[in-house]
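Comments concern the structure below.
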Amino acid sequence: MEFNSVSKPGDNCEPDRPAHPGVFPTCEAGKSDNQSAARTVDFPVSVVLPAGGTGERTGLQTPKQFCSFLGRPLISYTIQAFERVSWIQCIVVVVAKENMDLMTDIIQRFQHRKVRVVPGGSTRHRSICNGVLALGEGERPAADRPKVVIIHDAVRPFVEEDLLYKIAMAAKEQGAAGAIRPLVSTVIATTSEGFLDHSLERAKYRASEMPQGFTYDVIHQAYQRCSESDFDFGTECLHLALQYCGTNAKLIQGPPTLWKVTYKRDLAAAESIIKETLSRSACVITGGCAQAGTLADALQKAVGALDMVHLSASDELPIRGTEPLAIMDLASAAKLRNVLLYGIQLHQSKDAERWERSVLKVAEITSALIRERSSALVGQLLQA
């Protein structure tokens, strides 16, 4: 008997809907139809991801948005977070001109959808402006433009659909909305000589975070009216909406996961979080016999607190015996969708004690594969 252990954190599937192993669904595990319906957005929403930074504060030669984590660049994880949201129509990634080819290659290599790459400007605001203009360029009628534009940092990959929904809905109603977080440190002002001038009462202030959302008309008009000084030195989009459109943004409390990869130490923290998140779910495909079901139950107990989906082989879900090449081909296709597929071959035994030992061995191997996410073993047929 052979079963494939598929660690599928990037594209979890619903336990009650079998999928052909050549197709990798993008639905989120644990989301009921009622939850999905509650988050339905009936107006067009697009995203602008400014990704033109040079990464000077990390001290690395490679800009942090292109640093690789578990075989995938950081920006790819951020794009994937938005691709999972069904009601987001278009994702515009704004990069430095010299990185256009690199970004295009990332999109093709990891099969990203709904993504368009545009060249950035010399500053953050100029890059975001280029992204906004790309959403409404040419003679495109107003009906084809997004109602709401969400702006988010390319180096904030841990954004959740619930917050995006709140931002989009508030932006539609108010014209602008943004995520905030409590300040963790007191803000002080200093004199020109380097002495304390005064401090702010921390309880009255908040840190402005991403994502931020705007109606297309508001953010487009704000950039059309703002000054060259704003373009060169400004960083806050919500301020532009207030100053040039009179739009007072709705502020929404965001979760702690909104932090931004800024310094070199953040890279290690981001990789750890990504690895932990990806290792929380798996899909185990077994044969259709009774012993296969027993094996699946044993694996569920062995892996503990894990969102594990068990699919039995059937007409809709064929398993091609022990063909190593078939497993390798399927694993190569799966890896592009951030799915790591491994094969473990277990021979049936009528000896109850030997069977139990084999099951425990399979559980041990499976737990290690899910925990470590070893790319070197992807597509391999292991023996237990």
Among H125, H198, H112, what's the order by accessible area (1.4 angstrom probe), most exposed first?
H198, H112, H125
Considering only protein heavy atoms, with the full assembly of protein chains and a 1.4 angstrom probe, order L346, L196 by accessible area, largest first.
L196, L346
Kindly sort S127, S68 by accessible area of their heavy atoms, largest first, with the probe set to 1.4 Å.
S68, S127
Report M328's accessible area, 1.4 Å probe, all protein chains in place, as a number in Å² to the nearest 10.
80
Charges only on Cβ, +1 for Lys and Arg, -1 for Asp and Glu: so what's the dipole of the range 207-293 about the Cα centre, in debye to the nearest 20?
400
Ignoring ligands and nucleic acids, what accessible area does E173 show with a 1.4 Å probe (Å², nearest 10)?
130
Whichever lysines have a C-alpha closer than 23 Å to that of K264, once near sequence neighbours (fewer than 8 apart) are set aside:
K64, K275
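The values are calculated or read from the model by the stated rules, or taken from the named source; none is laboratory data. The structure displayed is predicted, hence computed values, not measured ones. Heads up, the Cβs are rebuilt from the backbone with ideal geometry, glycines too, and the neighbour counts pull from every protein chain shown. Accessible surface is based on the protein model in full, side chains and every heavy atom, while ligands, DNA and RNA are left aside. Shrake-Rupley method; radii C 1.70, N 1.55, O 1.52, S 1.80 Å.
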